[in-house]
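Peer 1: Before we start, here is the structure in question, set down as structure tokens.
The values are calculated or read from the model by the stated rules, or taken from the named source; none is laboratory data. As the structure is a prediction and not an experimental result, all values here were calculated from the model. Virtual Cβ from ideal backbone geometry, glycine too; neighbours counted across all protein chains shown.
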Amino acid sequence: MPAEDRWGLRRAVSRRYSSPAVLAADPDHTARLSAYLTDLVGQYGLSLTPSALDPVRGQSYGEMAVELLPDSPVDLLVLAYDVPDISPGRAVSTYLTHVCPGEPMSFAVSDQGRAAAFTALSLMRAYTATHPRALLIAVEQTDLPYDPGVPVALPAAHAGVALHLDATTAAACVSVTVTPDSDAVLDNLDASTVVLGGGLAALADDVKADLVVLADPAQPMTGVWESLAALDLGTAGRIAVADYDPALRYLCVATFG
């Protein structure tokens with residue numbers, strides 16, 4: 001079997017972070033962040049919420065991701081997120097290139113809502129021939145210090161998940177689809193274990209699988225990947241991870257095994 005056909009999930013790890021970022025204790029950073037956000041949201045007639053940064057409660061994706069890096073070299077690293085970072089001046093994926101073993105090529109995927117990690121995984125599959133040792137890090141932090149003017153679903157906890165992918169695993173990445181302008185409908189999921197995000201929880205009774213796992217609905221983007229990390233890949237059989245973003249109307253499905 002070609003290496004590209006074997007490429008897939010070797011292991012997944014997740015972590016939650018109980019405290020704000022170390023940067024949150026730096027008054028100089030807080031002053032710069034306040035000036036930056038005030039200028040940014042002011043262009044849209046918005047403003048920072050009262051005491052939004054007193055204290056800073058958010059997390060830094062750079063700090064979070066470092067805790068998820070492997071000890072062995074990586075060829076490709078992709079960061080996926082939805083909620084903005086509290087350190088907007090840092091190019092996080094570039095920073096991670098320098099601290100991750102192997103100094104991997106890296107990039108980030110954002111502005112995709114719950115689809116961010118699915119889109120990242122789909123893009124990573126195109127690099128399997130030249131960058132087979134890959135790391136996908138999905139992160140979300142809880143604090144948005146301004147009213148964005150539209151309804152948003154913020155996570156309940158700072159959380160991060162790392163998917164370690166290469167061509168030595170039996171949990172091959174069979175397919176990844178992100179379908180825009182879609183309804184929350186699941187048809188013919190060919191899997192023994194199905195992980196459903198909060199956007200699809202209402203369909204759990206309609207899914208035909210040996211095991212259906214409902215992800216934590218309080219973690220809009222990382223919930224399904226936390227549930228994947230909790231599975232025993234050796235016994236779960238073929239796994240389908242599915243979620244739906246009701247705001248963007250993206251239906252996302254990734255199948256492993």
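Peer 1: Sort through Val185, Val212, Val194 and tell me the only one that's crowded, with 24+ Cβ neighbours inside 10 Å and either more than 19 Å from Leu165 (Cβ to Cβ) or not assigned by TED's automatic domain parsing to the domain that holds Asp143 (or both). Spell out the reasoning first.
Peer 2: Numbers: Val185 fails: crowded, with 24+ Cβ neighbours inside 10 Å; Val212 fails: crowded, with 24+ Cβ neighbours inside 10 Å.
Going through Val185, Val212, Val194 in turn, just one is crowded, with 24+ Cβ neighbours inside 10 Å and either more than 19 Å from Leu165 (Cβ to Cβ) or not assigned by TED's automatic domain parsing to the domain that holds Asp143 (or both): Val194.
Peer 1: Taking the condition surrounded by 19 or more Cβ atoms within 10 Å (Cβ to Cβ), in contact with a strand residue (DSSP E or B) (Cβ under 8 Å, 6 or more places away or on another chain), modelled with pLDDT of 90 or more and farther than 24 Å from Pro145 by Cβ, does Leu123 pass? Explain how you work it out, then say what you get.
Peer 2: Working: surrounded by 19 or more Cβ atoms within 10 Å (Cβ to Cβ): no; in contact with a strand residue (DSSP E or B) (Cβ under 8 Å, 6 or more places away or on another chain): yes; modelled with pLDDT of 90 or more: yes; farther than 24 Å from Pro145 by Cβ: yes.
So Leu123 fails the test.
Peer 1: From Pro145, Pro151, Pro155, Pro217, which residue is closer than 30 Å to Ala52 by Cβ, assigned by TED's automatic domain parsing to the domain that holds Leu48 and modelled with pLDDT of 95 or more? Let's see the steps before the verdict.
Peer 2: Working: Pro145 fails: modelled with pLDDT of 95 or more; Pro151 fails: modelled with pLDDT of 95 or more; Pro217 fails: assigned by TED's automatic domain parsing to the domain that holds Leu48.
That would be Pro155, the only listed residue that is closer than 30 Å to Ala52 by Cβ, assigned by TED's automatic domain parsing to the domain that holds Leu48 and modelled with pLDDT of 95 or more.
Peer 1: Determine if region 57-65 includes at least one residue that is modelled with pLDDT under 95 and in contact with a Pro (Cβ under 6 Å, 6 or more places away or on another chain).
Peer 2: yes
Peer 1: Okay, moving on. Right, Leu163: in contact with a helix residue (DSSP H, G or I) (Cβ under 8 Å, 6 or more places away or on another chain) and either more than 25 Å from Leu40 (Cβ to Cβ) or part of a strand (DSSP E or B) (or both) or not? Working first, answer last.
Peer 2: Numbers: in contact with a helix residue (DSSP H, G or I) (Cβ under 8 Å, 6 or more places away or on another chain): yes; either more than 25 Å from Leu40 (Cβ to Cβ) or part of a strand (DSSP E or B) (or both): yes.
When the stated conditions are applied, Leu163 passes them.
Peer 1: Out of the residues in region 16-47 meeting the condition of being touching a helix residue (DSSP H, G or I) at 6+ places or on another chain (Cβ under 8 Å) and surrounded by fewer than 18 Cβ atoms within 10 Å (Cβ to Cβ), tell me which one is farthest from Leu69 (Cα to Cα). If you could, list the steps in order and put the result at the bottom.
Peer 2: Taking region 16-47 and keeping what is touching a helix residue (DSSP H, G or I) at 6+ places or on another chain (Cβ under 8 Å), we get 17, 21-24, 29-30, 47.
Filter again for surrounded by fewer than 18 Cβ atoms within 10 Å (Cβ to Cβ), leaving 22, 30, 47.
Details: Val22: 18, Thr30: 27, Ser47: 36 Å.
Per the criteria, the residue is Ser47.
Peer 1: Between a residue in region 82-95 that is within 17 Å of Ser106 (Cα to Cα) and any residue that is among the polar types (S, T, N, Q), which pairs come within a Cβ distance under 6 Å, given they are 6 or more apart or on different chains?
Peer 2: Going by the 6 Å Cβ cut-off, the qualifying pairs are Ser93/Ser106.
Peer 1: Further question: Take region 91-119 and flag every residue that is aliphatic (A, V, I, L, M) and either in contact with an Asp or Glu (Cβ under 6 Å, 6 or more places away or on another chain) or surrounded by 21 or more Cβ atoms within 10 Å (Cβ to Cβ) (or both). Full working, then the answer.
Peer 2: Residues of region 91-119 that are aliphatic (A, V, I, L, M), as a first pass: 91-92, 96, 99, 105, 108-109, 115-117.
Answer for region 91-119, where residues must be aliphatic (A, V, I, L, M) and either in contact with an Asp or Glu (Cβ under 6 Å, 6 or more places away or on another chain) or surrounded by 21 or more Cβ atoms within 10 Å (Cβ to Cβ) (or both): Val92, Leu96, Val109, Ala115, Ala116, Ala117.
Peer 1: Here's a follow-up. Only one of Ser122, Ser182 is over 19 Å from the mean Cα position of the chain (by Cα) and farther than 19 Å from Glu67 by Cα. Can you tell me which?
Peer 2: Working: Ser122 fails: over 19 Å from the mean Cα position of the chain (by Cα).
Among Ser122, Ser182, only Ser182 is over 19 Å from the mean Cα position of the chain (by Cα) and farther than 19 Å from Glu67 by Cα.
Peer 1: So which residues in region 135-158 are in contact with a Lys or Arg (Cβ under 8 Å, 6 or more places away or on another chain) and assigned to a strand (DSSP E or B), if there are any at all?
Peer 2: Matches in region 135-158: His158 only.
Peer 1: Return the pairs, sorted by first residue and then second, in which the second residue is of a type outside the set (A, V, I, L, M) and outside any loop (DSSP other than H, G, I, E, B), the first residue lies in region 188-209 and is at pLDDT 95 or above, the beta carbons are less than 6 Å apart, and the residues are 6+ apart or on different chains.
Peer 2: Listed pairs, sorted by first residue: Val195/Ser227; Gly197/Gly223; Gly197/Asp243; Leu200/Tyr244.
Peer 1: Look through Leu200, Leu233, Leu251, Leu228 and report the one residue that is hydrophobic (A, V, I, L, M, F, W, C), over 23 Å from Pro155 (Cβ atoms) and either assigned by TED's automatic domain parsing to the domain that holds Ala126 or surrounded by 14 or more Cβ atoms within 10 Å (Cβ to Cβ) (or both). Break it down stepwise before answering.
Peer 2: Numbers: Leu200 fails: over 23 Å from Pro155 (Cβ atoms); Leu251 fails: over 23 Å from Pro155 (Cβ atoms); Leu228 fails: over 23 Å from Pro155 (Cβ atoms).
Leu233 is the lone residue from the list that is hydrophobic (A, V, I, L, M, F, W, C), over 23 Å from Pro155 (Cβ atoms) and either assigned by TED's automatic domain parsing to the domain that holds Ala126 or surrounded by 14 or more Cβ atoms within 10 Å (Cβ to Cβ) (or both).
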